[in-house]
Amino acid sequence: MKKTALNKMHREMGGKMVEFVGFDMPVQFEGINVEHETVRTNVGVFDVSHMGEFWVEGPDAFDLIQKISTNDVAALFDGKVQYSCFPNGKGGIVDDFLCYRFNDEKYLLVVNAANIDKDWAYINDQNTFGAKLTNASDEISQLAVQGPLGLKAMQKLTSEKVEDMEYYKFKVLEFAGVKDVIFSTTGYTGSGGCEIYMNNEDAETIYKAVLEAGEEFGIKPIGLGARDTLRLESGFSLYGNDIDDNTSPIAAGLGWITKFVDGNDFIDRDLFLSQKENGVPRRLKGFVMEERAIPRQHYEVCDADGNVIGEVTSGTMSPMLKKGVGMAYVDKPYWKDGSEIHIRVRNKLLKAVVQRPPFWKG
């Protein structure tokens, strides 16, 4: 089992460790609900060093990424981040990822931990352009400092102005006395904050500095359990649950990162354009339970008569709403907000209402 550079610190702080996609990771410290509420109201810090990082460089870097990204890489500028996904050539998604543009010949792709090997093979297979590829996943650590007070707390650790940075921007700066740190206003919680990339050897130094700087703002270490409830409460898709090799970005509600502009001739473009123009039978939709229950992955979605009209992909009890929330692929007549659906829980049909995420708006 792999360990991040912060594994020892997690154990010293009382983290409950579990195996997660081959890594020994903390699922919680104080408790999922407490950690969730800390991120929503103050600031929390996650170790997300298990994520993958690929450098794509050279004169042909842009052409390669434009081919394998559904989003329009031409819209990027230096210091800008873009959310996108890799089409698999069969109408599905290899993975979703973030693309960082440093300059027109240097990009960083951040991919899901579970898909590092698959993504690396895919990108290399598509690299007929001769772009320089480097898998830096084992060399880079990453912290996610999330919450409404996150940027205010982190401003204490750098002389560069970061507190007023716009969403999905990044800077390379000196942070906590460490040079060449990537500071990015991205995240997976819906509560603002930043993600910080550093070399493994600097991880403990920066983690300790982050905890110290955030102390006056009530910062707490946060585990993977709260990361999942936070992302779901905000309506962010999770690869392997809500999107996978068999789901298209159009069906997954990711049409906004699928850009059919001139010059963006990505893999599966024609197929996805046809889906956009002609429709798909099922789409990923958010829902909120009307009756007390926790929806779980693979639960059936039914109409009032018990006919199956879809399937739950993710679900949880929202710590902020105190209601069950989830996402599911459902048939077309039930896509409209306010549509009544039923979730089959232990052979009971329990009422839910289709609702566009985020479910909680702070």
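The criterion of at least 2 residues that are within 19 Å of the chain's Cα centre (by Cα) and of a type in the set (Ser, Thr, Tyr) is met by the following strands (runs of 3 or more DSSP E) wholly inside segment 285-362: 308-317. Does LEU64 satisfy being among the hydrophobic types (A, V, I, L, M, F, W, C), within 15 Å of ILE196 (Cα to Cα) and crowded, with 19+ Cβ neighbours inside 10 Å? So LEU64 fails the test. Scanning segment 57-81 for residues that are within 21 Å of the chain's Cα centre (by Cα) and either free of Cβ contacts under 8 Å to residues at least 12 places away in the same chain or part of a strand (DSSP E or B) (or both) yields LYS80, VAL81.
Residues in segment 117-134 that are surrounded by fewer than 18 Cβ atoms within 10 Å (Cβ to Cβ) and either assigned to a helix (DSSP H, G or I) or hydrophobic (A, V, I, L, M, F, W, C) (or both): ASP117, LYS118, TRP120, ALA121, ASN124, ASP125, GLN126, PHE129, LEU133. Considering GLN297, GLN275, the condition of being polar (S, T, N, Q) and more than 23 Å from LEU349 (Cβ to Cβ) is satisfied by GLN275 alone. Test VAL56 against the stated conditions and say whether it is of a type in the set (A, V, I, L, M), surrounded by 17 or more Cβ atoms within 10 Å (Cβ to Cβ) and within 25 Å of GLY193 (Cα to Cα). Considered against the rule, which asks whether it is of a type in the set (A, V, I, L, M), surrounded by 17 or more Cβ atoms within 10 Å (Cβ to Cβ) and within 25 Å of GLY193 (Cα to Cα), VAL56 comes out as no. In segment 1-56, counting only strands (runs of 3 or more DSSP E) that sit wholly within it, the ones holding 1 or more residues that are over 30 Å from LYS106 (Cβ atoms) and of a type in the set (Gly, Ala, Ser) span 44-47.
With respect to ILE250, determine if the residue is farther than 27 Å from ASP24 by Cβ, surrounded by fewer than 19 Cβ atoms within 10 Å (Cβ to Cβ) and not acidic (Asp, Glu). Here the answer is no, as ILE250 does not meet what is asked. Scoring ASN264 on the criteria (1) in a loop (DSSP other than H, G, I, E, B); (2) within 24 Å of GLY190 (Cα to Cα) leaves a single failure, condition (2).
Restricted to segment 87-116, and to residues there that are assigned to a strand (DSSP E or B), surrounded by fewer than 22 Cβ atoms within 10 Å (Cβ to Cβ) and of a type outside the set (D, E, K, R), the residue that is farthest from the chain's Cα centre (by Cα) is ASN103.
A single entry from SER84, SER137, SER159 fulfils the requirement of being assigned to a strand (DSSP E or B), at pLDDT 95 or above and hydroxyl-bearing (Ser, Thr, Tyr): SER84. Kindly provide the set of residues from segment 182-210 that are touching a strand residue (DSSP E or B) at 6+ places or on another chain (Cβ under 7 Å) and aliphatic (A, V, I, L, M), ordered by number. Once the filter is applied, which keeps residues that are touching a strand residue (DSSP E or B) at 6+ places or on another chain (Cβ under 7 Å) and aliphatic (A, V, I, L, M), segment 182-210 yields ILE182, ILE196, MET198, ALA203, ILE206, VAL210.
Would you mind stating whether MET17 is aliphatic (A, V, I, L, M), free of Cβ contacts under 8 Å to residues at least 40 places away in the same chain and surrounded by 15 or more Cβ atoms within 10 Å (Cβ to Cβ)? Here the answer is yes, as MET17 does meet what is asked. Among the candidates GLY310, GLY255, GLY315, the residue that is touching a Pro at 6+ places or on another chain (Cβ under 8 Å), buried (at least 17 other Cβ atoms within 10 Å of the Cβ) and more than 30 Å from ALA74 (Cβ to Cβ) is uniquely GLY315. Just so you know, in segment 238-252 the residues that are part of a loop (DSSP other than H, G, I, E, B) and out of contact with any Ser or Thr (no Cβ under 8 Å at 6 or more places or on another chain) include one that is farthest from VAL354 (Cα to Cα), and it is ASP245.
The values are calculated or read from the model by the stated rules, or taken from the named source; none is laboratory data. The shown structure was predicted, so the numbers you read here are calculated from the model rather than taken from an experiment. Positions of Cβ are generated from backbone atoms using ideal geometry, with glycine treated the same way; all protein chains shown enter the neighbour counts.
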